[in-house]
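First the structure, in the form of structure tokens, and then the observations on it.
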Amino acid sequence: MRTPVKNRSDVAQWLGGAVGAVLMVLSCAPTLAGELYRLNHQGIERRFVVHNGAAADSAPAPVVVHVHGYRSKETVVAAGDDLSWAEWPALNRVADRDGFAIVYPTARFGKWSLTDGMKNAATDDGRALDDVGFILGAVQAVVDAGLADPMRVYLTGFSEPGSLALIIKG
């Protein structure tokens, strides 16, 4: 049960604890909870993470595709193959508890291709990047691996990825 904030000193105490928790998390080296997959799409190596958790016992399992929000190109390039930034630990815990798999696709250079003309959302030869095709290809890869039930695929995300859900459903 949450304790109500009564005065400024309560807020300051809470903020001090919250800042300490954030600093502790930032000082820990991130670890990838899922398995890194690579998929050649449009002649470009694309990457995604699959967190299978408890779903492995009941494969093929339902699968949730969680599409991350915007990340700067510099952040994505610096991370290399460490895609822990794309995972959502709280969702991993729910998947472990409830027995479903999660696919975490990653956008090329941190931004999804939703419209034409985005400079960071193009192939090296200038063609429009097909992120919808990449996400569908990632789902097909986990279905082909026997991890996911193709009749129970769900898509979630924050901000811009909400638009991707509408485009994919289209």
Problem set entry | Rounded percent of accessible protein surface that carbon and sulfur make up, segment 127-170, 1.4 Å probe | 60
For this session: Provide the per-residue ³J(HN,Hα) series for segment 83-88, in order, calculated from phi with Karplus coefficients 6.51, -1.76, 1.60 and θ = phi - 60°, each as a whole number of Hz, with x at glycine and proline positions.
Result: 9, 4, 5, 7, 7, 10
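The values are calculated or read from the model by the stated rules, or taken from the named source; none is laboratory data. In this text the structure is predicted, and so the values were computed from the model without any measurement. The area values use the complete protein model at the heavy-atom level, side chains included, leaving out ligands, DNA and RNA. Shrake-Rupley method; radii C 1.70, N 1.55, O 1.52, S 1.80 Å.
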